[in-house]
1. Is there a pair in Lys123/Lys284; Lys21/Lys94; Lys162/Lys235 whose C-alpha atoms are over 23 Å apart, and which pairs would that be?
2. Kindly express, to the nearest 10 degrees and within the range 0 to 90, the angle between helix 148-164's C-alpha long axis and the longest C-alpha principal axis of the chain.
3. Dipole magnitude of the chain about its Cα centre, charges +1 at Lys/Arg Cβ and -1 at Asp/Glu Cβ only, in debye to the nearest 20?
4. Please give, to one decimal in nm, the separation of the simple spin-label points placed at Asp277 and Lys356, each 7 Å out from Cα toward the Cβ.
5. Using the charge dipole of the chain (Lys, Arg: +1 at Cβ; Asp, Glu: -1 at Cβ; taken about the Cα centre), state which of Trp230, Ile78, Asn198 has its Cα farthest towards the positive end.
6. Any idea what angle helix 184-196 forms with the longest principal axis of the chain, computed on alpha-carbon atoms, 0 to 90 degrees, nearest 10?
7. With only Lys, Arg, Asp and Glu charged, each at its Cβ (+1 for the first two, -1 for the last two), find how big the charge dipole of segment 216-350 is about the Cα centre; round to the nearest 20 debye.
8. What does the C-alpha gyration tensor say about the overall shape of segment 1-98? Classify as rounded when a/c is under 1.5, otherwise prolate if a/b is larger than b/c, or oblate.
Amino acid sequence: MKTLVLVGGGHAHLHCLEQLKDGFSEDWRVLLISPSPYQYYSGMFSGFTEGAYSLEDIRIDLKKLCRKVGAIFIEDSIAAVHAQDKELVGAEGKIYLYDLASFDIGSRSDIPETARNYVRSIKPNYHFPEQLMQTRESAHPVVVGGGASGVELAFSILAWRKQQGLPPNLALFSSTSLLAGQGRSASKKIEDIAVRKNLTFFSDVSIQEIDEVSVTTSAGKSYPQSDVLWLTGPKSAELFSASNLPTDRDGFLLVNDTLQSVQWPEIFGAGDCITIDRYPELAKNGVYAVRQGPVLWKNLKNSLSNDKLQSFAPQKRYVSILSTGGGEAFLSYGAQQFHGTIPWKLKQRIDRKFMKRYKDLYE
């Protein structure tokens, strides 16, 4: 019997597991290897932070899901890949043989070495609940990173603190304008919203020094901190480079537009852990990971039968909805932006529908 190993429970692999409900070849078995029995949905992190969702609302039970669809769940982390021998090595040295392997393990936060002893990260995402709850209750929480994650969680922490009657002693630091990746118009509007909601933020500054009680910026000013949530750009896990697999310059697994390793045809990947050689600047976000799911599954199946593989082509524009706390959200699509209660309700509907799709398979 041949073996397909899915490493990580990200968006694309959830889609693959969903397809197993209709049956799979009796000549193949499917393994899912993940360091946690739960996969947490980042789209609902802000709602959990603010208290709109419970812990159960934002996570999928991978063990139950696998049992229901006929896959084998293994709680482990992959520490090395021996591509020549088609072997995966677990954290404690256990060997997993594969005929096809696919990686959907997300990314890590790019934390400077000098800051690692003083900051928290929500990646891997099963660390999120514990890290977040400690940060939001802290006396002087600091969020570093002006991208979507940093902005959204800063707003949500602030909203939760207001609900609890805690001082709004939160500061957000960004090396660019807020949401710079979404364009100048979106940056201006989100910064206007931050001012209106009394979110203290500092744009176009970076953190140069950090100790137990303060952060010092590139402008030479120091600010108090009791807990730092570090949410700057993505960083690859060391797994791929350490295993001598082809990667981009930042260590992300390099695949072609069929989501297949450019060197090893038995290895596939999707989500934030990969870079597609044809689209090297493609942003690493959940939107593309979700869209890659059907392509990945089709190509894994076609590889089993030696059929032609399908190419993944990312859409040029997509809807982004970020919670701004207090039952409001900021929606952007191209040059169009909207803020208020309607985008928040739309975001809730989309997120709940996504989770229901997978939870209904085993609940």
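The values are calculated or read from the model by the stated rules, or taken from the named source; none is laboratory data. Keep in mind that this is a model prediction, so the values were computed, not measured. Counting neighbours? That spans all protein chains shown, and the Cβs are built from the backbone with ideal geometry, glycine included. The accessibility values were calculated without ligands, DNA or RNA, using every heavy atom of the protein model including side chains. Shrake-Rupley method; radii C 1.70, N 1.55, O 1.52, S 1.80 Å.
1. Values: Lys123/Lys284 14 Å; Lys21/Lys94 28 Å; Lys162/Lys235 33 Å.
As for pairs spanning more than 23 Å Cα to Cα, those are Lys21/Lys94; Lys162/Lys235.
2. For helix 148-164, the angle is close to 60 degrees.
3. About 1280 debye.
4. My value for the distance between the label points is 4.3 nm.
5. Asn198
6. Once rounded, one gets 50 degrees.
7. Using only the charged Cβ atoms, the result is roughly 540 debye.
8. Details: a/c = 2.80, a/b = 1.57, b/c = 1.78.
Oblate, since a/c reaches 1.5 and b/c is not below a/b.
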